[in-house]
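The values are calculated or read from the model by the stated rules, or taken from the named source; none is laboratory data. Keep in mind that what you see is a predicted model, and the values were worked out from it rather than measured. Here the Cβ is made from the backbone with ideal geometry for all residues, glycine too, and neighbour counts use every protein chain on show.
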Amino acid sequence: MKVLVIGGTGALGGHAALHLAAKGHDVTITGRGTGAHPATPLARLAYLQGDFVAGDFTAERLRGFDWVVFAAGNDPRHVPQGEDFGAWLHKANHVALPAFFAAAREAGVKRAIQLGSFYAQAAPELVADNVYIQSRQAACEGARAQGRPGFDVISVNAPFMVGTVPGLPSAIFDPYVQWAKGLIPIPPYAPTGGTNFMSFESLSEAIEAALERGEPGAAYLVGDENLSFAQYFQLFFDAVGRSDVKVEALDQELPLLPDAAIPQGRGNFISYEPDTGETALLGYRRHDIANAVRTIVAQFG
């Protein structure tokens with residue numbers, strides 16, 4: 001199939017693009033810049049420049065693609081400096097994202113994946129008071145509302161993600177590795193609480209399966225392992241060869257995982273087991289977090 005990955009120069013979209021290309025698909029990636037990072041294998045894929053928030057992806061530009069993977073939903077990292085937080089997320093996720101899917105339908109795209117966030121499904125009690133989660137829920141619902149016979153839209157909603165794209169820098173995982181190696185002067189502790197984690201490999205497998213056999217209009221809550229934050233960060237210390245260092249759970253903010261990045265609030269958990277039928281349908285690997293951390297350490301260590 002001829003596949004377009006919106007946000008394919010980033011981590012999750014990039015990993016999915018490489019996975020689909022390895023399966024024999026003709027993959028094109030998009031980004032707002034001039035191309036993929038030159039140190040990554042993404043640079044070998046076809047590239048289409050554009051910004052969905054600006055309305056760059058018209059039906060004319062999308063024509064000829066069979067499948068689309070949308071991996072560019074906006075989160076707090078994407079809000080431009082000086083912009084109102086809520087207004088920007090509304091513009092991007094409530095308005096521009098569904099408009100993109102409408103353009104894809106007009107272009108004749110057959111199937112499309114909206115890669116979303118797990119919060120609204122896994123912890124619906126958080127929706128009412130969180131503008132970001134509201135915007136991701138609106139993206140999930142707005143994208144699927146564009147589906148029609150002949151244009152299938154499926155949401156894949158993922159938890160905390162763990163993994164790498166070869167050669168791609170990471171402002172999240174590189175510091176984790178340096179900290180575990182003792183190169184960042186922060187004591188070995190983690191905030192109390194925890195969440196569900198999933199590897200890039202598992203997610204790319206789920207995206208591929210959703211494209212191939214997902215139910216039109218479905219919103220799949222995917223995930224892998226429920227871990228406390230202390231258990232999660234302990235994996236990094238173990239992977240760098242410092243198993244003797246024990247990560248302690250403390251009720252205090254960790255600079256490497258600030259409270260703003262824990263919507264359920266420090267000390268709370270978001271734990272769930274993905275639906276067994278959906279997991280079997282999508283066929284993604286499980287119990288992959290320690291392996292994903294080892295891959296991260298191999299890249300950034």
Residue within segment 20-33 that is touching a helix residue (DSSP H, G or I) at 6+ places or on another chain (Cβ under 7 Å) and within 21 Å of Tyr220 (Cβ to Cβ) present: yes
Of all residues making up segment 236-286, the number that are β-branched (Val, Ile, Thr) and under 20 Å from the mean Cα position of the chain (by Cα): 3
Condition met for Arg111 (in the same structural domain as Glu212 (by TED's automatic domain parsing), out of contact with any Gly (no Cβ under 9 Å at 6 or more places or on another chain) and modelled with pLDDT of 95 or more): no
Candidate set from segment 204-216 (those that are in a helix (DSSP H, G or I) and in contact with a strand residue (DSSP E or B) (Cβ under 6 Å, 6 or more places away or on another chain)); member that is nearest to Ala230 (Cα to Cα): Ala206
Residues satisfying the stated conditions in segment 287-301, i.e. buried (at least 17 other Cβ atoms within 10 Å of the Cβ) and either part of a loop (DSSP other than H, G, I, E, B) or under 17 Å from the mean Cα position of the chain (by Cα) (or both): Asp288, Ile289, Ala292, Val293, Ile296
Exclusive hit being modelled with pLDDT under 95 and small (Gly, Ala, Ser), set Gly267, Gly301: Gly301
Failed criterion for Asp75 (all others in (1) under 18 Å from the mean Cα position of the chain (by Cα); (2) more than 25 Å from Ser117 (Cβ to Cβ); (3) among the acidic types (Asp, Glu) hold): (2)
Candidates Phe200, Phe173, Phe233, Phe229 - the one that is surrounded by 21 or more Cβ atoms within 10 Å (Cβ to Cβ) and either modelled with pLDDT under 95 or touching a His at 6+ places or on another chain (Cβ under 7 Å) (or both): Phe200
Residues of segment 257-268 classified as surrounded by 17 or more Cβ atoms within 10 Å (Cβ to Cβ) and among the hydrophobic types (A, V, I, L, M, F, W, C), total: 2
Condition check for Tyr272: more than 15 Å from Ser228 (Cα to Cα) and either of a type in the set (S, T, N, Q) or assigned to a loop (DSSP other than H, G, I, E, B) (or both): no
Enumeration of residues in segment 250-267 that are among the aliphatic types (A, V, I, L, M) and without any contact (Cβ under 8 Å) to a residue 60 or more places away in the chain: Ala261
Output for segment 118-141, where each listed residue is more than 16 Å from Ser271 (Cα to Cα) and more than 18 Å from the chain's Cα centre (by Cα): Val127, Ala128, Asp129, Asn130, Val131
